[in-house]
Amino acid sequence: MNNLLFALDIGTRSVVGLVGEKTPNGIRLIASEREEHRTRSMLDGQIHDVPEVAAVLANVKTALEQKCGPLRQVSIAAAGRALCTIKAAALLDTASRGALTRDDEAALELAAIQSAQQQLASSGAAQDPTGYYCVGYSVVGFSLDDAPIKTLVGQRGKTAGIEIIATFLPRPVIDSLQSAVEKAGLEIATLTLEPIAAINALIPATMRHLNLALVDVGAGTSDVAVTKNGSVIGYGMVPFAGDEITEAISQRHLLDFNVAETLKRQLGSKAKKLCFQDVLGIVHKVTPQEIITAITPNVADLAGAIAMQIIALNGGPPQAVLLVGGGSLTPLLPELLAQTLDLPPSRVAVRRPDTIEGITGIPASLSAPDAVTPLGILKLAGSSSLTFIQAVVNERALRLFNLGKLTVADALLAAGIDVRSLHGRPGLGITVTINGHKKFIAGTHGRPGTILLNDCPAKLTDPLHDGDIIRVTKGIDGLAPCPALREVVELPQAIIVSINGKNAVIAPIITVNGTPAATETLLQDRDQIVCRLPETLGEVLTAAGCKDEPVTLSYIVNGSERSYTVWPQYLVNGKAATAKSPVAANDSIAFAPGIFPTAGEIVGFAEQPAEVIKVDFNGTTCTVPVCRLALTVNGQPAALSDTVLNGGVIEYNLYKIQPTVSDTLLAADFDPRALPPGSRVDILLNGVAAEYTSPVKNGDRLKLVISKS
C-alpha cells in the first residue's frame, strides 16, 4: 500500500512502531507494536549497541509487516542529546511573484535552514560544525513587508521574511540511528527531533499563543520545547530522566537494573506491599511509600534540572508545563517540578494522547504518556519533514538532508570543504622600503582546483542527486615572493674620482636593515633597503678603501709620555674639506697628514693661565697676573703657540709671583718712553709715595703724577 506511513520511536527503554494510512482527513492508525530492549543497549538517547537495537527494530518491523504488509521506509526521531539550536532568518524578494504560494514559503524555509548551517559553521557553537546534522526546525514566524503574518500563502508584497529555530545533533547520534535502521532492513524516509514530534502532536498551532513548556521525560533524556506568542521559541535537553530514578532504586536495594525498573513502574499501583529479590537472593517486602520517600531527593534533582532548562529557554517560568513520556509517571515529579518553578500544582500535568489532531483510530493501548512522541513522529511522517540523500565527497560517504534543490556546494559544505580553497589564493605580497620609499611586491597567482561530479567536470551550482560521487581537488595557493635585491632595486652606476692623483672606482652603498648586502641578498617583508652612491668625502674614502683614520703622535711632557691625535687634512678640488663635505663624479681629492699641534694644545692650555689681581690705575681698573709660565721645547725656550713635532720633549713650570708697581704698569700698557723728555714721575700707591719695585695687592690704588722738572 503506497499510502502507508511507518514511524519508529527508538527510545532508551523501548521501541514503539506505528503504521498509519493516509486519508483525506489525515492519518488513520492501523497497527502498533512495542518491544523493550533486552539489555541497556541505549543510554541517554544514544545507541551503544547497534546490533542489539537493530534486532529489536527488526522484531517490531516483522510484527507490523504481518499486519500491514512489507515496510521499507521509516520515519524516526532523535533525542536531543548534545543538541545545538540556532535562530536564523531569511528574506525573499516577492515584488514580481504575484500571489505567494506554499512553494514560496518552502523556499524561505530552505534559505533560513541554510543560513542556520552557515551560522553553525562560523559561530564556534560546535567544535566541528561539519559533524552536526540538522534534524528539524520550527517556524517562529513569517513577515510581509516587515509586518508579522501567520502565513504567506495567497499574500502579495515586496519582501517576505521568515524566522526559524533549527536544531542540530552530532553525527555519531544520527549515524548510530541510521546504522541500526539499516541493519533492520529499513531506510530512513524522514528524521525529526523528539521534542518537535511531541509538540506537533500535543500542542497545535492554536495553542501556541500560550507560554507552555512541553517536557518529554524518557528513560535517558528529558527533551524540552517551549511555545510563546504563537510559535515554538526554543528546544533543549536535560541528560537526566527515568533511568536516574531506576539507578537510585537499584543502588539503594541492590537490585538488577531491570528488576529496579519493574519495581519503579509498580510505585503507582494500589498495592500495599511490593515484593522483590535483591542480587543476594534476599526477598524484601516494602511499601511503595517507603521507596518513594527514599528516591524523593533524586526526583527533586531531576525536577531541578528540568526547571533550569525551561527557565534558560523561556527566560522565566512558563504559564504551564505538560509532561509526556514514560518518565513523566515518576512519583512526585509533577509536584516537585511545580514547586521548583513556583507554579500552582495544577499548572504541571502529565498529558496522555487521548486525541491527536490529524490522527484517528488511536487505541486504548496508546493512551499512555509515552505514546505522544511516536504519534508525533507518525504525524510528521506525512508532512514535509527532512529527508536524506546519499553522496560521496572524496571517498567520504555523506548523508545530506534533502532540503530541496541541493547543489554540489551543499555537499562540499557538509564535507567541511571551504569552497574558497578551490580557487587557489594568491600568495601574500611583501612590502620593502627602498631609500625611504615603500614598494609592494605581489605574490604569485594560485592555481585553481577541480570538481568532478560522477567523473565529469562540474560547477558549484550543479544540482546534486542521490548517489552522486564528487571528487574535489583543492586549488594550490600562490607563494609569497622572495626576490633577490638586484630584482627589486635599480643599481646606480659607479663613479670615478681622483684620490691623490690616482683614479678610483666608487661603487654604490647597499645595505639591508643597516647591514651591508650583496645584489643576490634575498629580501623579506618590511626590509629597509639603502642603495645609493656615496655622497660625502667620508663615504667616498670608505668605498675606495682609504681609511679615514687619525694619526697618533707621542710627546714627553714634564717627564711623562703623552699622546696626541691628529686628523688628516683633506682637499676637494683644491678646497679644504671635512668628512661630511659633498663629493661628485670626477672630483679631485687630496689628503695629507694633519698639522702638528702647538705646545699649548699638548700641555692642555692654549694661553698662559689667568690668575690675576685687580688694581685701580689712574681711575681705571686693570688686571695684573700673579702667575708666570716657564716653557721649553727640546731644551729651548718656547711659547704656547709654537708648533711641536712628533717626539718633542716639553718642560713647563707654572709659578706664582708678588706683583709690583712695574707689573701693574706693564699690565696697563703704560710705556714710560712715551713721556715728554725731562718729565718727572711721582708714584703714589694708596696715596703714599712708592717705587717701581714696590709690591701691589688686590684692590690697591696706583696713581702716576707727571710733571715738568
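Structure notes:
- Failed item, numbered, when Thr287 is tested on (1) in contact with a Gly (Cβ under 6 Å, 6 or more places away or on another chain); (2) farther than 30 Å from Val19 by Cα: (1)
- Annotation: of all residues in region 206-217 being out of contact with any Asp or Glu (no Cβ under 9 Å at 6 or more places or on another chain) and either touching a residue at least 60 places away in the same chain (Cβ under 8 Å) or among the aliphatic types (A, V, I, L, M) (or both), the one that is surrounded by the most Cβ atoms within 10 Å (Cβ to Cβ) is Ala213.
- In the set (1) in a loop (DSSP other than H, G, I, E, B); (2) surrounded by 17 or more Cβ atoms within 10 Å (Cβ to Cβ), the condition left unmet by Cys622 is number (1).
- Within region 655-664, at least one residue is under 16 Å from Ala690 (Cβ atoms), touching a Leu at 6+ places or on another chain (Cβ under 9 Å) and surrounded by 14 or more Cβ atoms within 10 Å (Cβ to Cβ).
- Listed by position, the strands (runs of 3 or more DSSP E) inside region 231-320 whose residues that are within 50 Å of the chain's Cα centre (by Cα) and aromatic (Phe, Trp, Tyr) number at least 2 form an empty set.
- Residue list for region 1-18, restricted to those being under 14 Å from Leu378 (Cα atoms) and either touching a residue at least 60 places away in the same chain (Cβ under 8 Å) or in the same structural domain as Glu261 (by TED's automatic domain parsing) (or both): Leu4, Leu5, Phe6, Ala7, Leu8, Asp9, Ile10, Val16, Gly17, Leu18
- Qualifying residues in region 625-649 (those that are touching a helix residue (DSSP H, G or I) at 6+ places or on another chain (Cβ under 9 Å) and touching a residue at least 40 places away in the same chain (Cβ under 8 Å)) - the one surrounded by the most Cβ atoms within 10 Å (Cβ to Cβ): Val644
- Considered as a group, the residues in region 551-607 that are in contact with a helix residue (DSSP H, G or I) (Cβ under 8 Å, 6 or more places away or on another chain) and of a type in the set (Ser, Thr, Tyr) include one that is nearest to Asn500 (Cα to Cα), and that residue is Tyr570.
- Screening Ala579 with (1) among the hydrophobic types (A, V, I, L, M, F, W, C); (2) more than 60 Å from the chain's Cα centre (by Cα); (3) assigned to a loop (DSSP other than H, G, I, E, B) gives one miss only, at (2).
Conditions tested, residue by residue: (1) under 48 Å from the mean Cα position of the chain (by Cα); (2) among the aliphatic types (A, V, I, L, M); (3) farther than 21 Å from Gly11 by Cα; (4) modelled with pLDDT of 90 or more.
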{"position": "Gly327", "(1), (2), (3), (4)": "yes, no, no, no"}
{"position": "Leu333", "(1), (2), (3), (4)": "yes, yes, no, yes"}
{"position": "Ala338", "(1), (2), (3), (4)": "yes, yes, yes, yes"}
{"position": "Asp342", "(1), (2), (3), (4)": "yes, no, yes, yes"}
{"position": "Arg352", "(1), (2), (3), (4)": "no, no, no, no"}
{"position": "Gly361", "(1), (2), (3), (4)": "no, no, yes, no"}
{"position": "Thr387", "(1), (2), (3), (4)": "yes, no, no, no"}
{"position": "Asn402", "(1), (2), (3), (4)": "yes, no, yes, no"}
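- Selection count where residues are exposed (fewer than 15 other Cβ atoms within 10 Å of the Cβ), within 35 Å of the chain's Cα centre (by Cα) and over 30 Å from Glu520 (Cβ atoms), scope region 470-504: 1
- Here Gly220 does not fit the description of being in contact with a helix residue (DSSP H, G or I) (Cβ under 8 Å, 6 or more places away or on another chain), surrounded by fewer than 24 Cβ atoms within 10 Å (Cβ to Cβ) and either part of a strand (DSSP E or B) or outside the structural domain of Leu108 (by TED's automatic domain parsing) (or both).
- Within region 545-575, tally of residues that are exposed (fewer than 11 other Cβ atoms within 10 Å of the Cβ) and at pLDDT 85 or above: 6
- Residue satisfying all of: in region 223-239; buried (at least 21 other Cβ atoms within 10 Å of the Cβ) and not aliphatic (A, V, I, L, M); nearest to Val299 (Cα to Cα) among these: Asp223
The values are calculated or read from the model by the stated rules, or taken from the named source; none is laboratory data. Bear in mind the structure is a predicted one, so any value in this text is a computation, not a measurement. With ideal geometry, Cβ positions are generated from the backbone for all residues, glycine too; neighbour counts draw on all protein chains shown.
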